[in-house]
1. Of the options A:ILE111, B:VAL271, C:SER237, report the single residue whose Cα projects farthest towards the positive end of the charge dipole of the protein assembly as shown (beta-carbon charges: Lys, Arg +1; Asp, Glu -1).
2. Just to be sure I understand: if you take the accessible area of chain C alone plus chain B alone and subtract the pair, with a 1.4 Å probe, what total do you get in Å², rounded to 100?
3. Round to a whole number: what % of the accessible area of chain C belongs to carbon and sulfur, probe 1.4 Å?
4. Any chance you could give the angle, 0 to 90 degrees and rounded to 10, that helix B:69-81 forms with the longest Cα principal axis of chain B?
5. Would you work out which of B:VAL89, A:ALA278, B:MET198 lies farthest towards the positive end of the dipole of the protein assembly as shown? Charges go on Cβ: Lys and Arg +1, Asp and Glu -1.
6. Considering only protein heavy atoms, what per residue accessible area in square angstrom results for the range B:231-335 with a 1.4 angstrom probe?
7. Along the Cα→Cβ direction, 7 angstrom out, place labels at B:ARG244 and C:THR83. What is the inter-label distance in nm?
8. Which whole number gives the average, over all residues in A:212-225, of C-beta atoms from other chains lying within 10 Å of the residue C-beta?
Amino acid sequence: MKSSARFHGHWIPLALGLPQLALITLFFYWPTLKAFWWSLHLVCPFGNCSTFVGLGNYTRELTDSSFYAALRTTALFAAFGVSLSIVVALFLAAMVELHRRTGGLFRYLLIWPYAVAGSVLGVILKVAASPSIGPLGYLNTLWPGFWQPYLNGTQSMLMVVFAFAWTQIPFNFIVFVAALRAIPAEYLAAAAIDGAGPVRRFIDIQLPMLKPQLFFLATINLIESFTNSFAIVDTMTQGGPGGATNILAYKIYTDGFIGLDLSGSSALSMMLMLLVFAACFVQFFVFERRARQDG
Amino acid sequence: MKSSAGARILAWVLSALVAAAPAATCAAADFDFWYAHGGIYAQAIESMCANFNAASLQDHVHCFPQGTYEQTLRKTVAAYRAGRQPALVEIYDIGSADMLLSGAVYPVDTLMQAMGHPIDASDYLKGIRRFYATENGRLLSQPFSASTLVLYANRQKLTAVGVDHLPQTWEAFEAAMEALHAHGKSCPAVSDYTPWKMLEQINAVQGAPIASANNGHEGLQARYEFADGVHRRFMNDVARWYSRGLLVPAIMTRANDQTLAFADGECAMSVDATGAYAIVKKAGLVDAEVGLLPVYAGTKRYGTTIGGSSLWVLKGQSASVYPAVARFLAYLHDPRQQLMFARRTGYLPLTHQAEEVLTIAPDAEPDAIRVGLASLELPDNDYNAGIRLGFTSLFRLIWQDEVQRALGGKETMDAALENAQAHGNRLLERFQATYMAAPQAEAGP
Amino acid sequence: MVERHPLLKTTILILLVVGLVFALGPIYLALCSASVTSRQILVHGLALLPGRHLWENLRIVLRDAHIGTMLFNSCVVSLIVVTGKLALASTSAFAAVYFRSRIRHVVFWGTFVTLLLPLEVRIVPTYAVASDLFEPLRRLIAAVTGLHLSVSINLLDSYAGLSLPLMASATGTFLFRQFYLTVPTELSEAARMDGAGPIRFFIDILLPLSKANFAALGTIVFLGTWKDYMWPLVATSRPDMRTISLGIATFLPTETGQPPEWNLVMAAALIALAPPLFVMGVTQRWFVRGVTGIGK
């Protein structure tokens, strides 16, 4: 922006920015600092002691098999959840774009799941997936003992991945629809005249032009899978069975709030922060570099 | 003149007497009591608070529910760090280690002694006292709610398959389950597969150690030792019962809950807490019979241990508050209050005096409480005083995860128990390292 | 679509319908089970067709005092957060864009960092901060003057505690900054030449232009706050301070000793769903615009 379009003065921008900054300092920087401090000490919950252990908490977590189990679970959950939500949303968006006439109604309805809280979905799906009263219980009459999501780790992971993808699809769908709309109709018309079918057009024209959105949504969904999945896990499986759905965010909650382990959960928080930061970093710089290459 | 001099002397004497009266009995005191229950338990506690306030001219207790046991403990921690802690708080059994090492506690026995309401630790029933007492027999908190583990059985269902006596050994228990299974019953016995029942209580009744140093009562150097011995034998039996469909997990029942699955007649047997009897009675199950926890044939039967909560007095209040707190604790200690609480909630009475009152009126006494009390009276050894170990809440989750993996076939039960023990020991090491630098708890306010 | 092939059109339609079934399936299942009796669910399992007891079940659930309170709490908290976030986002983005002072960099980057580290990741220390808000200031005063105050503010179990931490994020600021960068610079140039101060410019020119942005961000923030679960979970323990999205997870409208009444649980789920669904239905246009704005 040209400097002639900007205002002079220091006090007004300071005053305008201060409330937001104050709030962020209080509820973001200070807690982050606290977590960092705690992660370097062994802290008594009541505050009557704290022993400096340097990176001791980190090395302990990194040599703890339950940390790697949680990491693996988080990675699986993120990978499947994000892929599923992006693929399905992309597919639906492409369909809706191909069928413009009735697309409007579908577009309107397919966004509704966004209004459903993770916990509400969790409650509904928990009952729906119940082996005794849910419709999936019929599977057990055909193959006894087959559908046991609360005893079978793979099935419970399936449930939470499905639930998570369900909550993410509306957002992705909207972004994809808008991006597809932005593609000039002439490109598609020209390709159709050349004899390309809808699938060909999708792969050759639409998909490449969606790269920015794909990267962007992958990052957003990834961050959500680290964090916003808590409601789903807490209402449906509580990290079980046997730790099969014990994602890192859930472990942090359990260690910190139930075990009163301030040091350990802070070290985990810091590591999760690094993961999130890395994801953003990758998206930002990879995307920026690609954008510069393409444009 | 004589009369005015006399009046002056009288006035002087009276004012001297008033000034000399102990300040404590005249000072009105308000204090906060944080408790950790909901539903019928909360109602029972609230009525005790209301009765105390009504009967007391000078004291007023404000009773606040704080959610679950975990929520109450973490709110207490947060409040203490902010300098806003209540005078009295109810903390669950496995929070005892944290409370004892917190440096935030005004020991109950010291308080009661200082305020003129001395409470003798030996008043309390053996199992309860041993759980909460320190090495030298002091009670730093006042036990509040307690339950132990007993066997529930549906008499009608058992006799229908030819089992006439309540199983008293695990062998008989297994035989009963087999008989029920052979007769086509889908749920011979139900369990929620939790460690308080399967590890802590079973090892107590068998007199087997869970951890060294007297299960942690002797200090922070304790380490878990349960992976061999009776627990391994029991859990391998449990794995076999699970795979044969004899011991059904609670989540696989229609009722989705262990107590309810027994109470509505779906399952024939259940190893459950004495407090569950209130629910069983409410559901109207007339054939419910309660017996002692089974042991292995040929082994000695020891007393079971307890689970529940105790009341802790916290430092940092103004001096006028503590006499009122002492009076409230003395009020709760009264046998009448204990029995009222026990009748409304199904928790056990805590002291010998309360137990005696209970035996005088046997028809008012539920089966489960009678059996539970009998179970607590059995002989002791070094290992059935319950556990006092750090990070127990996290350890219980680890135990559950490992056992679930073993039952799901991902590892053997022996390996699961070894893993749980190894993880648990890492937690204990860290707990010990954390508190090495902490100043020891002092005795005063 | 360019082709007019009927088979292709039908296939696409079928696939879209399948997608719709999955998208609306859970809501439909909740509706069906909320409209039957408890006994039917226990005997026949979850209902797959609507029954006739919907209003009855809804009435029973609404009579539960907690549901009403929780709905109210969700409304209050969501509205506070929306108002707060819109105000903070528009003003701090203004400070970050329309001034020469280097302060604008501090404002922008200082808030930008929060995008990278969501609340759930720092939940334990944020809880500690919320329980003792005055602590940093107390420490500062003690370090500087040696004076030990005993003031402390506990935000737990309060509306402030439920809403303030949620306002400490930069998504809104980012959105508004993007928008302000698209506003023609001639407007602020002209305002400066006319001698108008920045506040005048903000109120008279920028705000009216931002109406659509306010609507978009407002909707997204309202829905996001309504759905929030983890922060209310740790920040409240009193039943009367819970939000509906939190309360629904543990809602069990049964007496001790009775099996759970799933029809009432589903009815409660519908009640928890209704307000955000309504808001979504009414404001969908702005919501979509907001999301596509973020996507750019």
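The values are calculated or read from the model by the stated rules, or taken from the named source; none is laboratory data. Here the structure is a predicted model, which is why all the values come from computation and not from measurement. Here the Cβ positions follow ideal geometry from the backbone for every residue, glycine too, while neighbour counts run over all protein chains shown. Each accessible area value is taken on the protein alone, full model and side chains, heavy atoms only, with ligands, DNA and RNA left out. Shrake-Rupley method; radii C 1.70, N 1.55, O 1.52, S 1.80 Å.
1. A:ILE111
2. Buried area between the two chains comes out at roughly 1500 Å².
3. Here carbon and sulfur together make up 68 percent of the probe-accessible area.
4. Value to nearest ten degrees: 40.
5. Final value for the positive-end residue is A:ALA278.
6. 31 Å²
7. 6.7 nm
8. Rounded to a whole number, the mean comes out at 1.
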